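The values are calculated or read from the model by the stated rules, or taken from the named source; none is laboratory data. Computed from a predicted structure; not experimentally measured. FYI the Cβ positions are ideal-geometry reconstructions off the backbone, even for glycines, and counts take in every protein chain you see. These area figures cover heavy atoms from the full protein model, side chains too; ligands, DNA and RNA do not enter into them. Shrake-Rupley method; radii C 1.70, N 1.55, O 1.52, S 1.80 Å.
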Amino acid sequence: MLNRRLVAAVMAGGLSLTAVACGSSSSDDDKPKAGGTGGKGYPVTLENCGRSTTYTKAPSRVVVMNGASVAEVSTLLALGVGDRIVANQQSYGQSEVKGRAEKIAKLPTGDIKPNDAFDVPRESMLGLRPDLVLSTTAYGFKSENGFATRDDLSTVNANTYISPRGCDEDTSGMRIDDSYTLLRDLGKIFQKQDRAEELIAASKKKIDAVAAKVKGEKQPRVMVVFSNMQMGTNDFSAVAANGIWNDILAKSGGTNAFSSVTKNTFADLSKEKVAAESVDALVVIGYQDKNPAAYARKLLKEFPQWPAAKNNRYVTLSDSAYLGPSNELAVDRIARMLHPDAFKE
């Protein structure tokens, strides 16, 4: 069991939390496909966080660092290259995509003993002999955090990739388009560009359709919070204030009730501050929490003055609310909660 306080502290420092088949980006991921011996389309060169990285063939020994994310592992599965993973440290324990959580649970872990930051220590990383290491932010490649640096890994011929908005460890500006950038970049690395574009097109089509249904509707004020997560000193320190969830809310016909209280990704709020806000609806994100709905009901009971409590208006989500190839699912589910009349046949 992960220590949520420590993981949350890592998230607050930049490793924020944090998925679909041809024609429908919410369907089961493709089965892994063999390959990775160079050939057509290579070499591939990407500019990534100030580094130029070149791939002469598809990586075959991929390590996915934790980062309190499932964006990277979910994207690999969605592209059909899960068989290239030799060690995965990512898991939410659940997913909006049927079967994904189970597929992630079956991936190899490399038998790694995580360090104090709940991720792969330097020596263990080098011992895995990776040819590609994925990290949600630059935090995962800093020696002071106990990790192998990008220079360390280049000496053993391993490429490194930091996901969009992760270069400076500030994910407060993250948007849905960053999920598409992640798909495109990994699509190029593994020569799965067609697959990536299919997923992106299906996601955009779904989001555009939902946004059209709720256009012109009054935008409820929504609290987005991670269930049973402690990140700071106040009672409510895991309130999502800025980042990809705000873009998701906007497409869903809502607005973040707490986006103005801080410029950071997360707000650290007192109970009094939360109580003073008029919250019209609640979005609870479950990270390693088997029953986020219980947390949602607890909050609504604790703040009966909220319009959200009076109308019992809430929805629970997991991986679709963060970076990754399933943002359209979060948009759809939130929109249906906020504007049910817009979806009546």
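Miscellaneous remarks
- Per this entry, LYS298 is counted among residues that are outside any loop (DSSP other than H, G, I, E, B), open to solvent by 30 Å² or more (accessible area, probe 1.4 Å) and either modelled with pLDDT under 95 or more than 30 Å from LEU199 (Cα to Cα) (or both).
- A count restricted to region 306-322 and to residues that are touching a Phe, Trp or Tyr at 6+ places or on another chain (Cβ under 7 Å) and either open to solvent by 40 Å² or more (accessible area, probe 1.4 Å) or part of a helix (DSSP H, G or I) (or both) stands at 4.
- In the set (1) over 15 Å from ALA240 (Cα atoms); (2) open to solvent by 20 Å² or more (accessible area, probe 1.4 Å), the condition left unmet by LYS273 is number (1).
- Count of region 123-182 residues which are open to solvent by 10 Å² or more (accessible area, probe 1.4 Å), β-branched (Val, Ile, Thr) and under 24 Å from the mean Cα position of the chain (by Cα): 2
- Put simply, of PHE303, PHE226 the only residue that is open to solvent by less than 20 Å² (accessible area, probe 1.4 Å), under 21 Å from the mean Cα position of the chain (by Cα) and of a type outside the set (D, E, K, R) is PHE226.
- Residue in region 150-166 that is among the charged types (D, E, K, R), touching an Asp or Glu at 6+ places or on another chain (Cβ under 8 Å) and part of a loop (DSSP other than H, G, I, E, B) present: yes
- Each residue in region 326-345 was checked for being farther than 11 Å from LEU249 by Cα and open to solvent by 10 Å² or more (accessible area, probe 1.4 Å), and 10 of them qualify.
- Qualifying positions in region 134-147 - of a type in the set (A, V, I, L, M, F, W, C) and either within 14 Å of ASN66 (Cβ to Cβ) or modelled with pLDDT under 95 (or both): LEU134, PHE141, PHE147
- THR54 being open to solvent by 10 Å² or more (accessible area, probe 1.4 Å), over 19 Å from SER320 (Cβ atoms), at pLDDT 95 or above and in a loop (DSSP other than H, G, I, E, B): no
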